[in-house]
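The values are calculated or read from the model by the stated rules, or taken from the named source; none is laboratory data. Given the structure is predicted, the values throughout are model-derived calculations rather than measurements. Cβ placement follows ideal geometry from the backbone for every residue including glycine, while neighbour counts extend to all protein chains displayed.
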Amino acid sequence: MEVINTIGRRKTAVARIYMTPGKGEIKVNGRDYKEYFPFEVHQIVVQQPFATLNSGESYDIKVNVRGGGVTGQAEAARMAISRALVEYNAENRPALKKEGFLTRDPRMVERKKYGRRKARKRFQFSKR
């Protein structure tokens, strides 16, 4: 198996990953993923595709992630890892699709409108 390169997105976060056969190391921007994502919730999110397939120890993954916040970055990495696992073995697709890891979450921040304080909030109305 050669290097598998995939991309995952969530809000404004973009994660590019390189998956190779190995011992199960996950590096995010040159650091261990447990150091990069200090909260256990985000670490679990990154590990979810492997937990679903019961195959965590056989791949080394290098993640380059930019933009967005910590949660968006973790979910973008999850999507990229899921895509790489499907590219490696097409039989993984139904299990990952069922969990929703291959679906791009389209929700984005709504833009601010003119004449308003935020996207939907209005300035205080005074009747008199």
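Within segment 17-51, restricting attention to residues that are surrounded by fewer than 21 Cβ atoms within 10 Å (Cβ to Cβ) and under 14 Å from Ser82 (Cβ atoms), the residue that is farthest from the chain's Cα centre (by Cα) is Ala51. Those helices (runs of 4 or more DSSP H) of segment 1-112 in which 3 or more residues are more than 30 Å from Phe123 (Cα to Cα) and touching a Phe, Trp or Tyr at 6+ places or on another chain (Cβ under 7 Å) occupy 40-53, 70-88. Taking (1) on the phi > 0 side of the Ramachandran plot; (2) without any contact (Cβ under 8 Å) to a residue 40 or more places away in the chain in turn, Glu35 satisfies each apart from (1). Inside segment 95-117, residues that are loosely packed, with under 10 Cβ neighbours inside 10 Å, free of Cβ contacts under 8 Å to residues at least 12 places away in the same chain and at negative phi make up a count of 4.
Table: residues versus (1) modelled with pLDDT of 95 or more; (2) in contact with a Pro (Cβ under 8 Å, 6 or more places away or on another chain); (3) not hydroxyl-bearing (Ser, Thr, Tyr).
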| position | (1), (2), (3) |
| --- | --- |
| Thr6 | yes, no, no |
| Lys11 | no, no, yes |
| Tyr18 | yes, no, no |
| Lys23 | no, no, yes |
| Lys34 | no, no, yes |
| Val41 | yes, no, yes |
| Val46 | no, no, yes |
| Pro49 | no, no, yes |
| Leu53 | no, no, yes |
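Would you be able to tell me the number of residues in segment 55-112 that are over 27 Å from Pro38 (Cα atoms) and among the small types (Gly, Ala, Ser)?
Of the residues in segment 55-112, 2 are over 27 Å from Pro38 (Cα atoms) and among the small types (Gly, Ala, Ser).
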